[in-house]
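Working notes, structure below.
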Amino acid sequence: MSLPRSKIVDEALTPWYHCISRCVRRAFLCGEGVAHRKDWIERRLEELSGLFAIDCGGFAIMDNHLHVLLRLDSPRANGWSNEEVARRWATLFPVRDVAGNSLPASDAWIKQIAGDPAWVAKARRRLSELGWFMKCLKEPLARMANKEDGYTGAFWESRFRSIAVLDEDSLLATAAYIDLNPLAAGVAVLPEEAPHTSLHARIEHCRTNGTLESIRDDLSTLTRDRSQEQGLWLLPVDDLRNDGSVRPGLLAGCTLSCYLRLVDWTSRLVREGKAHLDAGILSIFERLGADSSVWVDTMSRLLVAPKRSGSYFGRPPRLAEAATAHGRRWHRNQIRRTASAARAAV
């Protein structure tokens, strides 16, 4: 039985959540002939990241489902003024005329709704809630697609899946897993060539701002070039808050160059017999304080596991902490190997 969202999402436990949503009946409603809908989703993700107190750290938009890695930041919403909350809400849900066209919110209207403390408190809370973010992502896109097709009814499955990511190793593995989805599905030959992924967006951003050559020239973990992802709507890979940056990142010490090399190597796990640990990859694990054997096991199960279950992803100690925090004896991990897979691992 599925857990209620209120029992899964706990920002005090972790701000990071991997959300998955599928088209109804898993039909290819964003596939061949209608692939432009992936552009709609990507643009909407960028728009919502600028309106909610929720940041996007990764995404992959597939033909019949999507993955997003989101970071909740309710303290940021608590710092907004009442008028700021009202303006953001008015952008999300604009006043419309009789023809359905959105109208600009007047200053008088903004001041009027900002003067209602109960309304502001509710809107402020919703602007930092995972469920409302996914609602605002999925509902408009469903309406646009249905209008384009001349149909009515559900476009997405009713409930999106959310998986709490509990520790840094699991966060990095989840980000790589999301970026490698097109490769694992067989729709891309190289991970960086798959459009509508966060990996592709990061590379194209570097191409646009002229920093792509710096990545090509130095794939070490020592280069911390802030300009590579500066101005990108996605959260950066490297978390530089200890060095004065305001925006969080995925993992401190993991540069974009480091992440690209890690994803490139991990992509070979998708093709049996192609993966090997070279010296560069070993140095990355040493710098990040990670265990290469644990990474191989985690990614192999993420990419090729026959069955995944549960709403929490992390190492056993963190899973135990999450269970204790929720008054449970244990939490089922996201990945569950079958008996035959477990025997094969031994």
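Values in this text are rule-based calculations from the coordinates and carry no lab data. Treat the numbers as computed from the prediction; the structure is a model and nothing was measured. Cβ: placed from backbone, ideal geometry, glycine included. Neighbour counts: every protein chain shown.
For the set Lys7/Lys111; Lys7/Lys147; Lys7/Lys122, the pairs lying more than 31 angstrom apart at their alpha carbons are Lys7/Lys111; Lys7/Lys147. Shape verdict for segment 149-199, please, from the Cα gyration tensor: rounded (a/c under 1.5), prolate (a/b greater than b/c) or oblate. Note, shape of segment 149-199 comes out oblate. Assuming charge only on the beta carbon of Lys and Arg (+1) and of Asp and Glu (-1), the dipole of segment 113-232 about its Cα centre is about 780 debye to the nearest 20.
For segment 21-120, the Kirkwood estimate of the hydrodynamic radius, built from every pair of different alpha carbons, is 15.9 Å.
Here the gap between Asp116 and Asp39, fully extended at 0.36 nm per residue and compared with their Cα-Cα distance, gives a gain of 24.0 nm. Between Phe155 and any residue 5 or more places off or on another chain, the built amide H atoms are never under 5 Å apart.
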